[in-house]
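Every number in this text was worked out from the coordinates using simple rules, so none of it is lab data. Owing to the predicted nature of the structure, the values given are computational and were not obtained by experimental measurement. So basically every Cβ, Gly included, is an ideal-geometry build from the backbone, and we count neighbours across all protein chains shown.
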Amino acid sequence: MLTDSTPAAVVPTVMKSAVLTAVRTIALADAPVPSPGPGQVLVRLRAVGICGSDVHYYVDGRIGDAVVSFPYVLGHEPAGEVVALGAGVTGLAPGDRVALEPALSCGHCEMCLVGRPNCCPSVQFLGSPPVPGVYAEYHVFAAHQCVPIPDSVSFEAAATLEPMAVGVHAVNLGRVRPGDRVAIMGCGPIGIVTAMAARLAGATFIAMTDPIPSRRAFAAAYADVVLDPSAGDVVDPIRRAAGAVDIAFEAVGVQEAIDDATLVVKPGGTAVIIGIPAVDRISLYPHPLRRKELHLMLARRSNFTLEPCLRLMATGQLDPGRIVTHRFPLDRLADGMELVHAYRDGVLKAMIVF
Ligand SMILES: [Zn+2]
Ligand SMILES: [Zn+2]
């Protein structure tokens, strides 16, 4: 893994920010560098991942009932360097290299109190309308959103922590146990990190599916069987290869993949839907699913999995190095979005680097 030198922090008053001004239109604009309030820190961004959800907002201006009002700044997969502290911040210093938790939950509702802040009804999530995101040179965060990263973890690797945390959360939710046989629909970044996490949890067989040849080729390093769902049925071939599937993960957000994930698991098995459908309604096959008393779960983002992922990265057990396939400067964010949208050039994870 690469490490990055940390140059001395000189904080300017004006910064560049990549602003979504209309669907598929991003303009680089000058914006004042924000100053950290009490309990906050100013972070100079060094790497920000481009997420499939960013691309949804870029292309459609919305994901379901979450609608962008323009102008708007996207971005929720940041890593950077602390450059200034607000009043009362302890335990952090300028120059600290940090990954950042993108969610700020209320801390006092029932879901927060039972340890599920990812389901907090008033959670504020970076780059999810109306909360501004981090496609900018600087951003202010609550100090407790900062997770210091060891020298062995690069900024680029740290910027993959959010999707990594999503995969680990899904595997925790689905309760993958040693010896389990797993199917994963979708070989995009979330499918791949789910496969990595499932393997760490002890899965002995992993089948993956994706219609995109470059993604199937990438997934071959993580899966025992990789199938093309556009070429025919995948459910029977996976069942035959695995013997039976204990847990399936859907990491696409489309009807066909949800059908495959729910149909492929054994009686009493579990299907975890991670993908975010672009549509407002999906359907299920009630009869085969009720006959096997399918345990169906829908995952939301991540939950206390950022720091475990960082520890796994520091030990090399989770290696994000192979996930990042493309890098762009901030002024080429639109090119990165278009690349990911078109699945061009074998892209898996594209990243803005500063
Ligand atoms: Zn993301
Ligand atoms: Zn809450």
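Suppose we filter the stretch 153-191 for residues that are within 18 Å of Ala203 (Cα to Cα), among the β-branched types (Val, Ile, Thr) and within 16 Å of ligand 1 (Cβ to nearest atom); how many remain?
Adding up the residues that qualify gives 3.
Working only within the stretch 232-275, note down all residues that are surrounded by fewer than 17 Cβ atoms within 10 Å (Cβ to Cβ) and touching a residue at least 40 places away in the same chain (Cβ under 8 Å).
Within the stretch 232-275, Gly243, Ala244 meet the criteria.
Go through the stretch 77-90 and give me each residue that's out of contact with any strand residue (DSSP E or B) (no Cβ under 9 Å at 6 or more places or on another chain) and under 17 Å from Glu307 (Cβ atoms).
Once the filter is applied, which keeps residues that are out of contact with any strand residue (DSSP E or B) (no Cβ under 9 Å at 6 or more places or on another chain) and under 17 Å from Glu307 (Cβ atoms), the stretch 77-90 yields nothing.
Select the helices (runs of 4 or more DSSP H) contained entirely in the stretch 240-330, then report the ones holding at least 3 residues which are touching a Phe, Trp or Tyr at 6+ places or on another chain (Cβ under 9 Å).
Details: elements: 255-264, 286-291, 306-314.
Where helices (runs of 4 or more DSSP H) fall fully within the stretch 240-330 and carry at least 3 residues being touching a Phe, Trp or Tyr at 6+ places or on another chain (Cβ under 9 Å), they are 255-264.
Among the numbered criteria (1) among the hydrophobic types (A, V, I, L, M, F, W, C); (2) crowded, with 22+ Cβ neighbours inside 10 Å; (3) out of contact with any Cys (no Cβ under 7 Å at 6 or more places or on another chain), which single criterion is violated by Val59?
Failing condition for Val59: (2).
Answer with yes or no whether Leu113 is within 12 Å of Gln145 (Cα to Cα), within 16 Å of ligand 2 (Cβ to nearest atom) and surrounded by fewer than 20 Cβ atoms within 10 Å (Cβ to Cβ).
When the stated conditions are applied, Leu113 does not pass them.
Can you pull out the residues in the stretch 77-106 that are surrounded by fewer than 24 Cβ atoms within 10 Å (Cβ to Cβ), assigned to a loop (DSSP other than H, G, I, E, B) and more than 16 Å from ligand 2 (Cβ to nearest atom)?
Gly86, Ala87, Gly88, Val89, Thr90, Gly91, Leu92, Ala93, Pro94, Gly95, Asp96
If you scan the stretch 163-208, which residues turn out to be assigned to a helix (DSSP H, G or I), more than 18 Å from Leu298 (Cβ to Cβ) and either touching a Cys at 6+ places or on another chain (Cβ under 7 Å) or not β-branched (Val, Ile, Thr) (or both)?
Correct list: Met164, Pro189, Ala195, Met196, Arg199, Leu200.
Please work out which one of (1) under 30 Å from Gly188 (Cα atoms); (2) of a type in the set (Val, Ile, Thr); (3) loosely packed, with under 15 Cβ neighbours inside 10 Å is the condition Val131 fails and give its number.
The single condition Val131 does not satisfy is (3).
Pairs needed: first member in the stretch 118-132, in a loop (DSSP other than H, G, I, E, B); second member anywhere, within 16 Å of ligand 1 (Cβ to nearest atom) and polar (S, T, N, Q); C-beta distance under 7 Å; at least 6 residues apart or different chains.
Val131/Gln124
Given Leu92, Leu113, which one is under 29 Å from Asn172 (Cβ atoms), without any contact (Cβ under 8 Å) to a residue 40 or more places away in the chain and more than 16 Å from ligand 1 (Cβ to nearest atom)?
Within the list Leu92, Leu113, the selection yields Leu113.
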